[in-house]
1. I'm trying to understand the selection: among the residues of the stretch 33-58, which are polar (S, T, N, Q) and more than 24 Å from R285 (Cβ to Cβ)?
2. Could you check the stretch 243-285 and list, in sequence order, the residues that are in contact (Cβ under 8 Å) with a residue 40 or more places away in the chain and of a type in the set (S, T, N, Q)?
3. May I ask you to list the residues in the stretch 161-186 that are surrounded by 19 or more Cβ atoms within 10 Å (Cβ to Cβ) and small (G, A, S)?
4. Taking into account only those residues within the stretch 48-99 that are away from the ligand (no atom under 16 Å from the Cβ) and among the polar types (S, T, N, Q), which is nearest to L250 (Cα to Cα)?
5. Given (1) in contact with a strand residue (DSSP E or B) (Cβ under 9 Å, 6 or more places away or on another chain); (2) over 30 Å from N351 (Cα atoms); (3) open to solvent by less than 40 Å² (accessible area, probe 1.4 Å), where does A53 come up short, assuming only one miss?
6. Look through the stretch 5-50, keep the residues that are within 18 Å of the chain's Cα centre (by Cα) and more than 19 Å from I341 (Cβ to Cβ), and return whichever of them is surrounded by the fewest Cβ atoms within 10 Å (Cβ to Cβ).
7. Quick check on my filter: what residues within the stretch 117-139 are within 15 Å of the ligand (Cβ to nearest atom) and closer than 20 Å to F337 by Cβ?
8. For a quick check of your reading: which helices (runs of 4 or more DSSP H) sit entirely within the stretch 249-347 and have at least 3 residues that are β-branched (V, I, T)?
Amino acid sequence: MTSIKIKPWIIDLPEYIPGRTIEEIKKKYKLDTVYKLASNENIFGPSPRVAEALNNALSEINYYPDSYNRDLREKLEEKTGLRKEQFLFGNGTDQIIEMVCDAILDKGKNIVIPDPTFLTYERSALKNNAGIIKIPLNDFRQDYRSITSAADRDTGIIFLTSPHNPTGTIISEEELKFILDNISPEVLVVLDEAYTEFVRKEDKFNACKMIDYYKNLMVMRTFSKIYGLAGLRIGYAVADEIIIKSVEKLVQPFVVNLLAQKAAIASLEDDEYINKNIDIIINEREKIFNFLNNNNIEYVKSYANFILIKTGKHTEAITEDLLRKGFIVRGGSFLGFPEYIRVTISIPEINEKFINTFSGIYKKYMGKT
Ligand SMILES: *Cc1c(COP(=O)(O)O)cnc(C)c1O
């Protein structure tokens, strides 16, 4: 017991359940090798240039980092053709989501989100006493029409994710435009593109190019997925510079550390490495789709580096069996899909091991009632 008065909304929040770590599972099941396919991380790791940049930066870590991220800003300006004032940086995209909610939401305001979706949107809105309007997915896709009509005069932000987590489905340019054209310009539409690099060129459009026309659109990107820097924590958002300027006033000065800034720049300088890994992941995704098709296993056609696979009523047991064999996946109710597991696409040899193991476990349960 404590006499400290914690704010009631915090007491009411569900406890955060951290994902399992490789070390924990190795110990528990006495395994030598454990594969973490649970958090959509990049198993290739960052470009080799990152290690070099980090080594060089070690002699500078007694200095505070550049709070304006100038070098990274300029690199992104050069790469994207956007203006450097249109970028906002954070200690992971997670933090940017929180900053944007802090800047816009309040008691009486609300956010509109698909259900299920990435948990940070809801948590960051609750922190600001805002209401949450949840719109169920429609056939695993974000229901852009219902989302549009759910936005009311109190809506501060609509959060969209493309590719969506945990389904991997995308929003088309027409759907995004439909939303933007049919809501009040006072509602900020956030398009979280954490996995956009895994979408084939023919399936995607450049949402960042739309921010000059739609002043209420914000696009978010991260270095945690294809760039392989999840452990360093850095992400960014792109929007009209007036919005960016206001949100920046809220940010603590040094949220993006010096090593993260250097690593992000180095990884943006190695397109060859990044593109090669994208090709491998896309190719592996097709291979896993083929395996699932050939075995009549239901799944959602993903555009990201993970796949939601239907495991039915034995999902918990299947997840547990996978753990025993050294595969950590995210399963079931945690994702809002009690009968599915979400599996991160890894490098070819690990995917092959996963397929073999999963296939055996799946067959064992499918006959059961
Ligand atoms: C992984 C992920 C992010 C990235 O978060 P970081 O804080 O940048 O690591 C953002 N949005 C979604 C939907 C994600 O799955």
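1. N55, N56
2. S246, N257, Q261, S267, N277
3. S162, G168
4. S67
5. (1)
6. Taking the candidates together, the pick is Y16.
7. T117, F118, L119, T120, Y121, E122, R123, L137, listed by residue number.
8. Per the criteria, 271-294, 315-324.
The values are calculated or read from the model by the stated rules, or taken from the named source; none is laboratory data. Since the structure is predicted, the reported quantities are computational estimates derived from the model, not experimental observations. So basically every Cβ, Gly included, is an ideal-geometry build from the backbone, and we count neighbours across all protein chains shown. Accessible surface is based on the protein model in full, side chains and every heavy atom, while ligands, DNA and RNA are left aside. Shrake-Rupley method; radii C 1.70, N 1.55, O 1.52, S 1.80 Å.
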